[in-house]
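**Student:** First the structure, then my questions, so here it is.
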Amino acid sequence: MKKIKETASELIIQTQSIFDFWFPSCLFMTLGLISLTFDYHAASLSCQRLQSKQGKCQIVRSNLLGSNIKEIELDSLRGAKVERCGYKTRVVLLTSVGNVPFTANSTNWGTQNAVASDINFFVKNAKNRLLRLSQDDRWLGWTGGIFLLAGIGVIVLRNNEIYSFDGTLNTLTVKQRGLLARKVTEYSLCEIYGVEVDRTKDRDNDTWYEIRLLVCGGSRISLPRTMNPYQQAKIAKAINNYLHQQNNQK
């Protein structure tokens, strides 16, 4: 919440600018789309041995855009290992021409170790003619979906409020603007005689600060609450000074 205009006859306060929610919402949507579109959430490996060193392996990795199929000659397959990146792991195939990614990044270390072990057992045992493995982590796509929905939700549900104190018209105009609703409410400045900052705590014991305009008759006009006491005190002081200045001019 900040002042966007302050003159002798006018004071305008805005709860948030468009950049306050457009940037995080676009970031959430971008991360969600990248996860849904480019991350491979399903993978399968099929190896068929014709003779001791002859045969082929086929890797199929799928995402939202479709499937990526790669074939590897059995005599170039050396085994498999688990690569760790932070708290996630993935299985890569070791070949004579380099490492080939197989499974998607996952937090399930036990499953990844078991997959790598099965591949290594097949490579070392020439009697095994067929190997079929698959891993379906499409549920991880929900992570991207959650990011995407969160970004959309911020845009759809977020409201921007503008409080315009106009000494010439002797009015306080509150404009609430959002994607789903727009509302304009007017009050008479004559009815507003003071301002206070109310301090409350929620269930998590977090402290919130809310500016309240004191209206004749005992009612209150509440501005959006925040956890920043210094910002709220600064806005409350600006409103209080403006009201005193208007009263002195009458």
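**Student:** Would you pick out the residues in segment 209-237 that are open to solvent by less than 50 Å² (accessible area, probe 1.4 Å) and farther than 15 Å from Leu189 by Cα?
**Tutor:** From segment 209-237, those open to solvent by less than 50 Å² (accessible area, probe 1.4 Å) are 209-211, 213-215, 221, 223-224, 226, 229, 232, 235-236; that's our starting set.
Selection gives Tyr209, Glu210, Ile211, Leu223, Pro224, Thr226, Pro229, Gln232, Ile235, Ala236.
**Student:** Output the residues belonging to segment 99-108 that are open to solvent by 30 Å² or more (accessible area, probe 1.4 Å) and not in a strand (DSSP E or B).
**Tutor:** Within segment 99-108, the first condition is being open to solvent by 30 Å² or more (accessible area, probe 1.4 Å), and the residues that meet it are 99, 101, 105, 107-108.
Once the filter is applied, which keeps residues that are open to solvent by 30 Å² or more (accessible area, probe 1.4 Å) and not in a strand (DSSP E or B), segment 99-108 yields Asn105, Thr107, Asn108.
**Student:** Could you figure out which of (1) open to solvent by 60 Å² or more (accessible area, probe 1.4 Å); (2) of a type in the set (Gly, Ala, Ser); (3) modelled with pLDDT of 85 or more isn't true of Gly55?
**Tutor:** Every condition holds for Gly55 apart from (1).
**Student:** Which one of Ile221, Ile239 is modelled with pLDDT of 90 or more and either assigned to a strand (DSSP E or B) or in contact with an Asp or Glu (Cβ under 7 Å, 6 or more places away or on another chain) (or both)?
**Tutor:** On the way: Ile239 fails: either assigned to a strand (DSSP E or B) or in contact with an Asp or Glu (Cβ under 7 Å, 6 or more places away or on another chain) (or both).
Matching residue, one of Ile221, Ile239: Ile221.
**Student:** Step by step: first the residues of segment 62-98, then only those that are among the acidic types (Asp, Glu) and part of a strand (DSSP E or B), then the one that is nearest to Ala116 (Cα to Cα). Which residue is that?
**Tutor:** Here is the first cut: in segment 62-98, the residues among the acidic types (Asp, Glu) are 71, 73, 75, 83.
So of that shortlist, the ones also part of a strand (DSSP E or B) come out as 71, 73, 83.
On the way: Glu71: 18, Glu73: 18, Glu83: 10 Å.
So, considering only residues that are among the acidic types (Asp, Glu) and part of a strand (DSSP E or B), the one nearest to Ala116 (Cα to Cα) is Glu83.
The values are calculated or read from the model by the stated rules, or taken from the named source; none is laboratory data. Computed from a predicted model, the values in this text were never measured in an experiment. We place every Cβ from the backbone using ideal geometry, glycine too, and count neighbours over all the protein chains shown. Please note that ligands, DNA and RNA were not included when accessible areas were found on the heavy atoms of the full protein model with its side chains. Shrake-Rupley method; radii C 1.70, N 1.55, O 1.52, S 1.80 Å.
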